[in-house]
Amino acid sequence: MTVTNIVHQPLPAAIGHTPSPLPDFSDTARWAQVLVQDNLNAPRFQQGDVLHVDLGRNRFMGDSHYVVEIGGQQMIRIVQARPGGLWIFPVGHPSTAYPVARELLTVLGEVMYATTTRRVG
């Protein structure tokens, strides 16, 4: 899995117009895109989908889809609070949920939305 920052490019000025000062995109540094490379989270996220991740939400903030790192491996998982602690699992396989100690879980960001393209025919 590869996490890449979103790059914003200003539009060129129209002929005969003076370009306005560049807008402040400092907030965009907290956003990243993740290309889904497997179908572990199908049917919600499938191979080829692009997930938009808020890197500013880098701690558990409630049950949701997160980009997490466990043991040096980055993955997309649902992190869920259950009695006894936090549990993680891929969307497509909720029966594989397992508990993880908070100190072993690194939340890299929360998945806010996805750009999905489905093949027809």
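Per atom type, region 46-121 shows carbon and sulfur on 51% of its accessible surface, probed at 1.4 Å.
Each residue of region 37-46 was assigned a 3J(HN,Hα) from its phi angle through the Karplus curve 6.51 cos²θ - 1.76 cosθ + 1.60 (θ = phi - 60°); the sequence is 10, 8, 10, 4, 9, 5, x, 4, 10, 10 Hz, with glycine and proline shown as x. Working note: Cα atoms of region 29-121, range along each principal axis, descending, whole Å: 46, 35, 23.
The values are calculated or read from the model by the stated rules, or taken from the named source; none is laboratory data. Fair warning: this is a prediction, and the values are worked out from it, not measured in the lab. We work out accessible area using only protein heavy atoms, side chains counted, and drop any ligands, DNA or RNA first. Shrake-Rupley method; radii C 1.70, N 1.55, O 1.52, S 1.80 Å.
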